[in-house]
Amino acid sequence: MSDKGRRAFLKQSTIALSGLAVGACREPGAEPGTGLGEAGPGSPLDPSLLRAVARVALPAELGEERTERAVTGFESWVEAFEPVAELPHGYGEQEIRYGPPDPAPRWRAQLEALELEARKRFGSDYSDLDSARGRGLLERQLGGSGSAPETLPGQPARADHVAVGLLAWFYGSSEATDLCYGRRIGPLTCRPLAAAPDEPTPLGDGT
């Protein structure tokens, strides 16, 4: 990614956070732990509606391939999420802490609400709306629910809205860090010890 591309990515990231909101080897955001559209086998969220939200919520700088990769990763994380799981605790801590409940039911309802409003307002599926109308409906839903935070939650499952959860998952990912800095940092991946002293290599423009 060029310097111009990185600046655009960071600018798009800021817009996504303000306008819409709108270690260890692990997956980003991981915690132990009737629809108008039919979700795929094992998928708790409607795939087409989720991708329509991603197109207006995630930075346009990502492009189609990276956006699809982000959505696929988010779907896998949602499917594998363990509700109210026991959380890791420090040595000597006596209190056992538990994670949040499954966010999928409320997120699914939000996607269905977007679809219903799109059909009532425009006589069209949400996934068929242009970006301006799609963004408008999403911003209205976020503002109306009072769920738009000034900062993203550290754990995606604690996001009140599915768009915020998707943003939190993506910005916590290794790929988002690499894109921001333009280098293969891989903060959430296992790098060999021999590579620890080496400076991360730059990303290619096509990465």
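Determine, yes or no, whether Ala168 is within 13 Å of Leu58 (Cα to Cα), modelled with pLDDT of 90 or more and hydrophobic (A, V, I, L, M, F, W, C).
Yes: the conditions hold for Ala168.
Under the condition of being surrounded by 17 or more Cβ atoms within 10 Å (Cβ to Cβ) and small (Gly, Ala, Ser), which residue from segment 175-207 is nearest to Ser76 (Cα to Cα)?
If we take residues in segment 175-207 being surrounded by 17 or more Cβ atoms within 10 Å (Cβ to Cβ) and small (Gly, Ala, Ser), then Ala176 is nearest to Ser76 (Cα to Cα).
Identify, please: which residue in segment 182-207 is in a loop (DSSP other than H, G, I, E, B) and touching a Ser or Thr at 6+ places or on another chain (Cβ under 8 Å) and is, among those, modelled with the lowest pLDDT? Reasoning before the result, please.
Narrowing segment 182-207 to residues in a loop (DSSP other than H, G, I, E, B): 182, 184-192, 196-201, 203-207.
Add one more test, that the residue is touching a Ser or Thr at 6+ places or on another chain (Cβ under 8 Å), and what stays is 184-189, 205.
Numbers: Arg184: 78, Ile185: 77, Gly186: 76, Pro187: 73, Leu188: 68, Thr189: 73, Asp205: 53.
Checked segment 182-207; the qualifying residue modelled with the lowest pLDDT is Asp205.
Can you tell which of Arg119, Arg108 is in a helix (DSSP H, G or I) and either of a type in the set (Asp, Glu) or under 26 Å from Ser173 (Cβ atoms) (or both)?
Of the residues listed, the single one that is in a helix (DSSP H, G or I) and either of a type in the set (Asp, Glu) or under 26 Å from Ser173 (Cβ atoms) (or both) is Arg108.
Just name the residue that is modelled with the highest pLDDT out of those in segment 141-162 that are in a helix (DSSP H, G or I) and within 12 Å of Pro103 (Cβ to Cβ).
By that ranking, first place goes to Val162.
The values are calculated or read from the model by the stated rules, or taken from the named source; none is laboratory data. These numbers come from a predicted model, not from an experiment. Cβ atoms come from the backbone with ideal geometry, glycine included; neighbour counts cover every protein chain shown.
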